[in-house]
Amino acid sequence: MFILNYIAIMAVTISTSLTIIDFNKNTSLIGWRVVDDVVMGGQSNGDFKLNNEGHAVFSGTVSTANNGGFSSLRHRFDKLNISKFEKIKIRVKGDGNKYQFRVKPNQFNQFSYTTYFQTTTAWETIEIKLTDLIPTFRGRILDMDNYKGKELEEIGFLIGNKKNQKFQLLIDSIILE
């Protein structure tokens with residue numbers, strides 16, 4: 001009986017994760033888009049590509065000139081029902097800068113649900129509880145409930161630390177658990 005219970009628990013554990021992306025040398029970058037502050041007259045410049053090891057690289061420069069100061073990366077996909085998941089795990093290697101992780105249950109929402117994470121220069125896994133993501137629009141917290149974690153149609157990253165800086169964020173995987 002113990003063995004059957006153990007097998008049942010293992011089966012549930014195995015099926016309770018969903019890989020949104022696991023980058024490798026053959027990963028298509030279709031659906032990923034860099035959006036910089038140039039949309040409002042700024043001069044920041046971001047780039048997104050795969051490196052020789054197959055990791056995604058979001059890099060560039062942030063400029064505060066002309067009231068700018070951000071670069072962002074987003075990925076849109078078919079709507080997912082994520083109601084059985086509680087957290088998202090992102091495996092990244094940063095540059096010591098602070099980044100924002102962003103999600104949208106509907107790509108047409110003007111606002112995003114966000115949280116910040118600090119990077120190091122080593123590979124690390126950042127765990128984010130879905131219900132800890134707060135609604136924001138253009139840097140302002142909205143008077144709404146936190147993310148309910150029911151549907152997901154867009155994920156993204158943003159850097160905008162109110163200073164001129166170079167940045168580089170390597171992304172290995174993004175997994176729901």
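In the structure displayed, which of K98/K148; K49/K166; K89/K150; K49/K104; K49/K129 lie more than 20 Å apart, Cα to Cα?
K98/K148; K49/K104; K49/K129
Quick one: Karplus J couplings for segment 24-32, per residue in order, coefficients 6.51, -1.76, 1.60, θ = phi - 60°, nearest Hz, x for Gly and Pro?
8, 4, 9, 5, 7, 9, 5, x, 9
Using +1 at the Cβ of each Lys and Arg and -1 at the Cβ of each Asp and Glu in segment 18-176, identify which of S173, N146, L29 lies farthest towards the dipole's positive end.
N146
Explain nothing, just the number: dipole magnitude of segment 62-136 about its Cα centre with +1 on each Lys and Arg Cβ and -1 on each Asp and Glu Cβ, in debye rounded to the nearest 20.
So the dipole magnitude of segment 62-136 works out to roughly 220 debye.
Compute the acute angle (0 to 90°) between the alpha-carbon long axis of helix 2-14 and the principal axis of greatest extent of the alpha-carbon atoms of the chain; round to the nearest 10°.
20 degrees
For the chain, what does the helix formula give at 222 nm: sum of -39500 (n - 2.57) over DSSP H segments with n ≥ 4, over the residue count, nearest 500 deg cm²/dmol?
Helix-only estimate at 222 nm: -2500 deg cm²/dmol.
Taking just the alpha carbons, could you work out the radius of gyration and Dmax for the chain, both in angstroms?
17.3, 68
Placing +1 at every Lys and Arg Cβ and -1 at every Asp and Glu Cβ, with all other atoms neutral, what dipole size does the chain have around its Cα centre, in debye to the nearest 20?
260 debye
What do you get for trypsin sites (Lys or Arg not before Pro) in segment 48-144 restricted to DSSP loop and a cutoff of at most 13 other Cβ within 10 Å of the site's Cβ?
For trypsin sites (Lys or Arg not before Pro) across segment 48-144 that sit outside H, G, I, E and B with at most 13 neighbouring Cβ atoms in 10 Å, the list reads K84, R138.
Where q = 0.15, 0.25, 0.27 Å⁻¹, what log10 of I(q)/I(0) comes from the Debye formula for segment 86-166, counting one point per Cα?
The calculated log intensity ratios at q = 0.15, 0.25, 0.27 Å⁻¹ are -0.55, -1.27, -1.38.
For the chain, build the charge dipole from Cβ charges (+1 Lys, Arg; -1 Asp, Glu) around the Cα centre, then report which of I82, N161, Q118 sits farthest towards its positive end.
N161
For segment 60-112 and segment 124-141, what is the centre-to-centre distance using only Cα atoms, to the nearest Å?
9 Å
Of S63, S83, S112, which has the largest mean-square fluctuation in a 10 Å C-alpha GNM of the chain?
Greatest mean-square fluctuation among the candidates belongs to S83.
Across segment 113-124, in residue order, what do the Karplus-derived ³J(HN,Hα) couplings come to in whole Hz, using 6.51 cos²θ - 1.76 cosθ + 1.60 with θ = phi - 60° and x for Gly and Pro?
9, 9, 8, 9, 9, 8, 9, 10, 8, 10, 5, 8
None of the figures in this text is laboratory data; all of them are computed from the coordinates on show. All values derive from a computational prediction rather than experimental measurement. All Cβ positions, glycine included, derive from the backbone under ideal geometry; neighbour counts span all protein chains shown.
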